[in-house]
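Novice: The structure follows.
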Amino acid sequence: MSAESDPTVRVLVLGAGATGGFFGARLIEAGAQVAFLVRPARAGRLQRDGLRVLSEKAPFAAPVRMLTAPEDDRYDLILLACKAYDLDAAIAALRSAMGVRTRLLPLLNGLAHLDRLDAAFGAGRILGGLCHLSVTLQDDGAIRHFGALDRLVWGSRTPADPALPRLRALFAGMRSEVIESNEIQAAMWAKFAFIAALAGITCLLRGSVGDIAAAGGDALAQRLYRECADVAERSGCAIARAQREESLRVLAEPASALKASMLRDLERGARTEGAAILGDMLRRALAFGVDAPLLEAAACHVAVYEATRSGGR
């Protein structure tokens with residue numbers, strides 16, 4: 001059975017923002033019946049212009065099906081790619097859509113969301129997932145894809161899940177690079193450690209990786225990554241040596257323009273995922289007794305920004 005030949009494979013994508021819209025388009029191409037659960041304003045834009053993905057690798061433009069509330073609970077897959085601070089609202093919106101056979105694939109940063117989703121819907125129905133993708137939602141509603149990287153990594157957290165054959169068939173039809181991981185928790189930890197270090201150092205020092213390296217701060221960036229990697233190891237998910245070395249190299253690249261999206265949010269005065277990424281990583285470090293002064297400084301820096309961002313005091 002393939003998803004392309006079986007049109008009854010049903011997918012609900014919460015939102016049609018940059019990440020959700022991008023992978024929703026790829027699932028439509030794979031032959032799934034995809035609906036986007038969106039707010040009224042986004043629904044109006046999609047009704048008028050359709051879903052548009054601007055990409056040199058794989059552009060997409062087509063009308064799509066939109067909902068402002070779930071129709072039923074007969075979905076095979078729910079794709080969740082919201083911001084961490086919108087998770088409670090997302091859980092409330094999805095309660096009526098989570099059926100017995102439904103599996104939810106979260107693509108949020110960090111790990112804190114797993115406990116909340118497990119508590120809401122049951123751990124057996126929550127997959128592990130992450131993506132490597134550079135996309136943004138433009139002012140005109142189109143999704144802009146930068147570069148060629150387009151990778152989705154997923155895996156079951158429950159051995160012998162009966163939903164797996166159907167999900168494998170669905171993902172096999174996608175034009176994205178899709179990887180099923182037998183160690184999805186470890187894969188999520190590896191990304192968590194890297195993005196926490198990247199967000200921490202670029203927010204703390206207010207510059208790109210290259211800016212920081214040029215000012216002599218590359219050793220600080222690498223030290224912060226080692227703090228986060230230590231937390232991953234204490235959590236039972238030691239990061240492979242080759243991956244650690246690659247992360248250390250990227251964080252010290254002198255010509256790099258790389259910035260964390262958290263810094264971009266901070267620069268435009270927007271809300272950040274600081275609590276879910278830096279705050280959660282620090283909480284775990286403290287619980288294990290890991291000495292993490294740079295992580296603590298970065299988490300405090302962003303927490304102070306959040307507290308004063310809207311004139312809170």
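Read-outs: derived from the displayed coordinates by stated rules, not from any lab. Just so you know, these numbers come straight off a predicted model, no measurement behind them. All Cβ positions, glycine included, derive from the backbone under ideal geometry; neighbour counts span all protein chains shown.
Novice: Pick the calculated Rg/Rh (Cα atoms, Kirkwood Rh) for this structure from [x] 0.99; [y] 0.96; [z] 1.11?
Specialist: [y]
Novice: Who wins for biggest fluctuation among ALA89, ALA221, ALA16 in a Gaussian network model of the chain, springs between alpha carbons below 10 Å?
Specialist: So, out of ALA89, ALA221, ALA16, the one fluctuating most is ALA89.
Novice: What does the helix-only formula give at 222 nm for the chain: each DSSP H stretch with n ≥ 4 adding -39500 (n - 2.57), the total divided by the residues, and the result rounded to the nearest 500 deg cm²/dmol?
Specialist: Taking each H run of at least 4 residues, the total per residue is -13500 deg cm²/dmol.
Novice: Kindly state, to the nearest 0.05, the FRET efficiency for ALA92 paired with ALA61, given R0 = 30 Å and r defined as their beta-carbon distance.
Specialist: 0.40
Novice: Hey, another quick one. Quick check: the angle from helix 241-250's long axis to the longest principal axis of the chain, C-alpha only, nearest 10 degrees?
Specialist: The helix 241-250 is inclined about 70 degrees to the chain.
Novice: Moving on. So, in Å, what gap is there between the alpha-carbon centers of the stretch 168-223 and the stretch 245-292?
Specialist: Result: 9 Å between the Cα centres.
Novice: Of the options LEU67, CYS131, LEU248, report the single residue whose Cα projects farthest towards the positive end of the charge dipole of the chain (beta-carbon charges: Lys, Arg +1; Asp, Glu -1).
Specialist: Checked the options; the winner is LEU67.
Novice: Taking only C-alpha pairs under 8 Å that are 6+ residues apart, what is the relative contact order of the chain in percent?
Specialist: Result for the chain is 15 percent.
Novice: Give, as a single signed number, the net charge of other residues whose beta carbon lies under 13 Å from the beta carbon of ALA142, with Lys and Arg counted +1 and Asp and Glu -1.
Specialist: Overall, the nearby charge balance is +2.
Novice: What is the local net charge at SER181, summed over the other residues whose Cβ is closer than 13 Å to its Cβ (Lys, Arg +1; Asp, Glu -1)?
Specialist: +1
Novice: Using DSSP to call loops (not H, G, I, E or B), can you name the trypsin sites (Lys or Arg not before Pro) in the stretch 161-226 whose Cβ has at most 15 other Cβ atoms within 10 angstrom?
Specialist: ARG175, ARG206
Novice: Which residue, GLY15, GLY110, GLY50, tops the fluctuation ranking in a GNM of the chain built on C-alpha contacts under 10 Å?
Specialist: The residue that fluctuates most here is GLY50.
Novice: Taking the number of other C-beta atoms within 10 Å as the exposure measure, put TYR225, TYR305 in order starting with the fewest. Show your work: numbers first, answer last.
Specialist: Values: TYR225 26, TYR305 17.
With the sparsest Cβ surroundings first, the list reads TYR305, TYR225.
Novice: Looking at the chain, identify the longest residue range that excludes and avoids all GluC sites (Glu not before Pro) in DSSP loops having at most 14 other Cβ atoms within 10 Å.
Specialist: Here the longest run is 184-313.
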